[in-house]
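> The structure under discussion is supplied below as structure tokens; questions concerning it will follow.
The values are calculated or read from the model by the stated rules, or taken from the named source; none is laboratory data. Since we're looking at a predicted model, the values are computed, not measured. Ideal geometry is used to build each Cβ from the backbone, glycine not excepted, and the neighbour counts take in all protein chains shown.
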Amino acid sequence: MQIDAFDIDLFLRNHWQKRPALIRNPWNAWVNPLAPEELAGLACEDDAESRLIEQAGDSWTLAHGPFAASRFAKLGRQPWTLLVQAVDHHVPDVAALIDPFRFIPNWRIDDVMVSYATDGGGVGPHFDQYDVFLLQGLGRRRWRVGPRCDESTPLRPHDDLRLLAEFDATDEWVLEPGDILYVPPGFAHDGVAVGDDCMTYSIGFRAPSRSELIADWCDHVVERMQEDDRYADPDLQAQDNPGEISSSALDRLHGMIAERMLDRDAFARWFGEYNSIRKYPDIDWQPDEAIDRTDLRDLLTAQTPLCRNPASRFSFIRQGGQAVLLFVDGQSFECAGETALLAEALCAGERVHPTPDLTHSPAALNLLAALVDQGSLAFEQED
Ligand code: SIN
Ligand code: CO
């Protein structure tokens, strides 16, 4: 699927993280990639996270899936919305919807959530912590957007849903199939289906909170510490007042923390590993047996394409010279020379055509075997 009339630089400069953007059908030929019945089918499966929101006047109820197929037939005439998370992990044509947005780095991508609503259905006025492209797949939806909210914005009392107590929209648009609405973090929004069979694809991004970053980085550092790594003062001088905590003691104490907590190289490796941990580990491509080296060489010689597991997360950081540190599903791999080029190719696209010369590189073979064995990568099977 291709997107034509969309100026990426202009969008990044004027809208990304700043203000909403309405992008009227920029596709050269928009085709809805998933039928409502297929979405309902996914909501019945154990390995897909799904929610059903039913509305009765001003009251909203939320139920979590998986749902029995008969549940959908029992829904009444009141508006309802079905939402399924990470549909891109299950449906390649939905994963392809991320492609036009690959100008945003892999590590910021979350997943594609798909919603289906009947006439008048929606999830209610709310704000999210994340950037999202709301792509209208089927039917029509009226979106009302703005203003920017924060933690102090009043919410309605509700156990499960964070709905805004008041919502005075600054903009309003009806989206038709193929139209896209970008909403930055914190902006109030409310989408209501206009007519039945309304499907919306939410291409969602993620950004770590400072508290999550600090807490998880600290846990990582602390887990690696020794009991005998402690304050020491062999140069202690007699003090006038034994009650004083001297500034030299404080400098040393503070230094003990700063030295470890601000170690940029250790942080970089930790962050890459941490950020690449999968959100949904259930989509398991791990083979029963480790890949055989001869088979691996044969597949490379035949230039069999390699595919990333859609649930896997691939990213890298550059190190000195030609080297890169590759992160895949919580693991890191030091790569140099042709293995670094391979690592970069694996991060650049979800399908890679290996070159036969990789068979001569033990490091590249080790990397590919490790990624296949951990279920992050597979050679494309012929049907
Ligand atoms: C929806 O698809 O109905 C809701 C998406 C959102 O508001 O984030
Ligand atoms: Co939202």
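> Any residue in segment 108-118 that is more than 12 Å from ligand 2 (Cβ to nearest atom) and modelled with pLDDT under 95?
No, every residue in segment 108-118 fails to be more than 12 Å from ligand 2 (Cβ to nearest atom) and modelled with pLDDT under 95.
> Only one of these is touching a strand residue (DSSP E or B) at 6+ places or on another chain (Cβ under 7 Å), at pLDDT 95 or above and of a type in the set (Lys, Arg): Arg252, Arg318, Arg264. Name it. Spell out the reasoning first.
On the way: Arg252 fails: touching a strand residue (DSSP E or B) at 6+ places or on another chain (Cβ under 7 Å); Arg264 fails: touching a strand residue (DSSP E or B) at 6+ places or on another chain (Cβ under 7 Å).
That would be Arg318, the only listed residue that is touching a strand residue (DSSP E or B) at 6+ places or on another chain (Cβ under 7 Å), at pLDDT 95 or above and of a type in the set (Lys, Arg).
> Taking the conditions exactly as written (in contact with a helix residue (DSSP H, G or I) (Cβ under 6 Å, 6 or more places away or on another chain), away from ligand 2 (no atom under 15 Å from the Cβ) and free of Cβ contacts under 8 Å to residues at least 40 places away in the same chain), does Gly76 satisfy them or not?
Values: in contact with a helix residue (DSSP H, G or I) (Cβ under 6 Å, 6 or more places away or on another chain): no; away from ligand 2 (no atom under 15 Å from the Cβ): yes; free of Cβ contacts under 8 Å to residues at least 40 places away in the same chain: yes.
When the stated conditions are applied, Gly76 does not pass them.
> Continuing with this model, one more query. Sort out which residues of segment 359-369 are within 17 Å of Thr294 (Cβ to Cβ) and out of contact with any Lys or Arg (no Cβ under 9 Å at 6 or more places or on another chain), and write them in order of number. Break it down stepwise before answering.
So the first thing to find is which residues in segment 359-369 are within 17 Å of Thr294 (Cβ to Cβ), and the list is 359-362, 364-366, 368-369.
Within segment 359-369, His360, Ser361, Pro362, Ala364, Asn366, Leu368 qualify.
> Counting only residues that are part of a helix (DSSP H, G or I) and within 12 Å of ligand 1 (Cβ to nearest atom), how many does segment 80-121 have?
First, the residues of segment 80-121 that are part of a helix (DSSP H, G or I): 87-89, 92-101, 106-108.
Filter again for within 12 Å of ligand 1 (Cβ to nearest atom), leaving 87.
Total meeting the criteria: 1.
> Please go through segment 302-323 and pick out each residue that is surrounded by fewer than 13 Cβ atoms within 10 Å (Cβ to Cβ) and farther than 15 Å from Ala378 by Cα.
Hits for segment 302-323 are Arg318, Gly320, Gly321.
> Right, another one. If I filter segment 122-136 down to residues being of a type outside the set (Asp, Glu) and more than 8 Å from ligand 1 (Cβ to nearest atom), which single residue comes out as surrounded by the fewest Cβ atoms within 10 Å (Cβ to Cβ)?
Residues of segment 122-136 of a type outside the set (Asp, Glu): 122-127, 129-130, 132-136.
In the following step, the residues that additionally are more than 8 Å from ligand 1 (Cβ to nearest atom) were identified as 124-125, 127, 129-130, 133, 135-136.
Numbers: Gly124: 19, Pro125: 20, Phe127: 23, Gln129: 9, Tyr130: 16, Phe133: 21, Leu135: 26, Gln136: 24.
Among those that are of a type outside the set (Asp, Glu) and more than 8 Å from ligand 1 (Cβ to nearest atom), it is Gln129.
> Does any residue of segment 183-201 turn out to be assigned to a helix (DSSP H, G or I) and either under 30 Å from Asn14 (Cβ atoms) or within 16 Å of ligand 2 (Cβ to nearest atom) (or both)? Step through it out loud before you land on a result.
Just the residues of segment 183-201 that are assigned to a helix (DSSP H, G or I), to begin with: none.
No, every residue in segment 183-201 fails to be assigned to a helix (DSSP H, G or I) and either under 30 Å from Asn14 (Cβ atoms) or within 16 Å of ligand 2 (Cβ to nearest atom) (or both).
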